[in-house]
Amino acid sequence: MLSYDVVEWGKPLQKATRETPKPTGTEVLLKLKYCGVCHSDVHIHEGFFDLGGGKRFHMSERGMHPPVTLGHEPFGTVVAAGPDAGDVPMGADRLVCPWIGCGVCARCREGMDNYCMNPRNIGVQRPGGYADHLLVPHAKYLVDASGVDPAWAATLSCSGLTTYSAVSKLKPIPEDEWVAVMGAGGLGLMAIEMLRALGHQRIVSVDIDAAKLEAARAAGAAATVDGRAADAAKRLKDSTGGALYGAVDLVGATSTASLALGALRKGGKLILVGLFGGEIPLSLVSVVQRALTIQASYVGTVPELKEVVALARGGKLKRIPIEKRPLADVSHTLEQLKAGTIIGRVVAEIQ
Ligand SMILES: [Zn+2]
Ligand SMILES: [Zn+2]
């Protein structure tokens, strides 16, 4: 099999060939067709996340030691299965939910693999989809996305699932109240579309880039606020007629989280998703007196991914622009993602 691997953190990926693995136990083997090139791979490729305050989280602490194969938005055809795999859709195309836990702990047994303390995520701890074959530990992580364009479906398993799970944590959202979406990059636009797909209209998008705010409006934001404005906090409150019911921060910077938190009404909720990196001072008394909830959302579960696919299949979710590129270009694509020069999403096409 062929893969493009991180051999040294931050350096261009290298092409590698090795024997195609044979599935054992409950494993299934997929011949891949597509793999989305997700922005989080830029951080993983660098080998660390910025935790703010000069602190870093290194991927080695998450059990990653190069050479490793990244890519956590895989889509392919089931071609083989281990003896204990059970009922497997052999020969069928499937989307893979990459967020996989140990399989035995209480969280995994209740289907909350994304809360497992010993994750085996595809493209993180396990070899990922920048390859022509992929081993998946169990068929329960395969999702039928028939009726959805496969290249688009691939992108649903990270950015789609992440934003869906995040905005779902605000449910039930009162129809007449406002939700702010912090950041109008790929994830921000997706979050706007997820809110719209769930039937919510009163969405205000906050970004520091005029072109991105325009894209947010096109995606369905009812109002936009320039986060760089000196009176951004006032503008945000004014645009919502008082205060926000909730906010989803897809950036995760000091500025975005503080702005959102300051604009929440009593009982408001801030959902943190973005991993830009930063920290905020928090007045504990103020959090109590305003009865605020600050909650994080990290990827999502297989049932949630099925719900996202259903929204896409039912035409509720607007398709984002997808550019297909050969798998051999994945290293170059990561560089462009890092430089911020990609509009929409790139999906690697695998021969
Ligand atoms: Zn991702
Ligand atoms: Zn577990």
Checklist outcome for this item: Over the chain, the quotient of the Cα radius of gyration and 2.2 N^0.38 Å is 0.99
Checklist entry - Among 71-82, 267-278, how do they line up from the highest to the lowest mean number of other beta-carbon atoms within 10 Å? => result 71-82, 267-278
Checklist entry - Counting Lys and Arg as +1 and Asp and Glu as -1, what is the net charge of the other residues whose Cβ lies under 10 Å from the Cβ of Asp132? => result +2
Next on the checklist: So if each residue of separation counts as 0.36 nm, and I subtract the Cα-Cα distance between Lys318 and Ala339, what length gain in nm does that give?
Outcome noted: 5.0 nm
Checklist outcome for this item: Taking a straight Cα-to-Cα line shorter than 17 Å from Lys140, and setting aside same-chain aspartates and glutamates fewer than 8 residues away, one finds Glu27, Glu73, Asp84, Asp87, Asp93, Glu110, Asp113, Glu304, Glu307
Checklist entry - For the chain, what is the charge dipole size about the Cα centre, in debye to the nearest 20, if Lys and Arg each add +1 at the Cβ and Asp and Glu each add -1 at the Cβ? => result 540
Checklist entry - Can you give the translational diffusion coefficient of segment 280-347 in µm²/s, computed by Stokes-Einstein from the Kirkwood radius over Cα pairs at 4 °C and 1.567 mPa s? => result 79
Item to check | Spatially proximal aspartates and glutamates relative to Lys318 (Cα-Cα < 14 Å; intrachain offsets below 8 disregarded) | outcome: Asp149, Glu193
Next on the checklist: At R0 = 45 Å, how high is the FRET efficiency between Gln125 and Gln201 if r is their beta carbon distance? Nearest 0.05 is fine.
Outcome noted: 0.70
Checklist outcome for this item: On each of the three principal axes the extent of the alpha-carbon atoms of segment 199-351, given in whole Å and largest first, is 57, 34, 28
Checklist entry - Which of the pairs Lys15/Lys338; Lys11/Lys55; Lys237/Lys338; Lys212/Lys234; Lys234/Lys316; Lys212/Lys324 have their Cα atoms more than 24 Å apart in this structure? => result Lys237/Lys338; Lys234/Lys316
Checklist entry - How are the C-alpha pair distances of segment 308-351 spread across 5 Å bins, as whole percents from the shortest bin up? => result 6, 20, 21, 19, 14, 15, 6
Checklist entry - Of Leu189, Val204, Pro137, which is farthest on the positive side of the dipole of segment 136-225, counting Cα position, with +1 on Lys and Arg Cβ, -1 on Asp and Glu Cβ, and the Cα centre as origin? => result Pro137
Item to check | Angstrom value of the Kirkwood radius, inverse mean 1/r, which spans all Cα pairs in segment 69-119 | outcome: 12.6
Checklist entry - Hey, what's the Cα Rg ratio for segment 1-62 versus the globular rule of thumb, 2.2 N^0.38 Å? => result 1.45
Item to check | Extended-chain gain in nm, criterion 0.36 nm per residue less alpha-carbon gap, Thr254 and Ala291 | outcome: 11.2 nm
Checklist entry - What 222 nm value per residue comes from the helices of the chain, counting each DSSP H run with n ≥ 4 as -39,500 (n - 2.57) and dividing by all residues, nearest 500 deg cm²/dmol? => result -7500 deg cm²/dmol
Next on the checklist: How high is the relative contact order of the chain? Use alpha-carbon pairs under 8 Å, at least six apart in sequence, and give a whole percent.
Outcome noted: 20
Next on the checklist: Over 5 Å intervals from 0, what percent of Cα-Cα pairs in segment 52-91 sits in each interval?
Outcome noted: 5, 14, 13, 13, 13, 15, 12, 5, 4, 5
Checklist outcome for this item: For segment 224-287 (alpha-carbon point model, no solvent) the Debye-based log₁₀ I(q)/I(0) at q = 0.18 Å⁻¹ works out to -0.64
Checklist entry - How far is the Cα center of segment 113-182 from the Cα center of segment 288-351, in Å? => result 8
Checklist entry - Nearest-5 percent of antiparallel DSSP beta bridges in the chain? => result 50
Checklist entry - Any idea how far the Cα center of segment 70-111 sits from the one of segment 219-270, in Å? => result 38
Checklist outcome for this item: Semi-axes a, b, c in Å (a largest) for segment 151-240, each sqrt of 5 times a Cα gyration tensor eigenvalue, come to 22, 16, 10
Checklist outcome for this item: Out of Gly86, Gly111, Met64 - ranked by how far each Cα lies towards the positive end of the dipole of segment 56-111, with unit charges on the beta-carbon of charged residues - the top one is Met64
Item to check | Rg over Rh, two decimals, segment 25-179 (C-alpha only, Kirkwood Rh) | outcome: 1.00
Next on the checklist: Counting only protein heavy atoms and a 1.4 Å probe, tell me what percentage of the chain's accessible area is made up of carbon and sulfur.
Outcome noted: 55
Checklist entry - Which one of Ala216, Leu51, Val179 has its Cα pushed farthest toward the positive end of the charge dipole of the chain, where Lys and Arg give +1 and Asp and Glu give -1 at the Cβ? => result Val179
Checklist outcome for this item: GNM on the chain, Cα springs under 10 Å; top mean-square fluctuation among Pro98, Pro321, Pro303 goes to Pro321
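The values are calculated or read from the model by the stated rules, or taken from the named source; none is laboratory data. Just so you know, these numbers come straight off a predicted model, no measurement behind them. So basically every Cβ, Gly included, is an ideal-geometry build from the backbone, and we count neighbours across all protein chains shown. Only protein heavy atoms, including side chains, enter the accessible area calculation; ligands, DNA and RNA are left aside. Shrake-Rupley method; radii C 1.70, N 1.55, O 1.52, S 1.80 Å.
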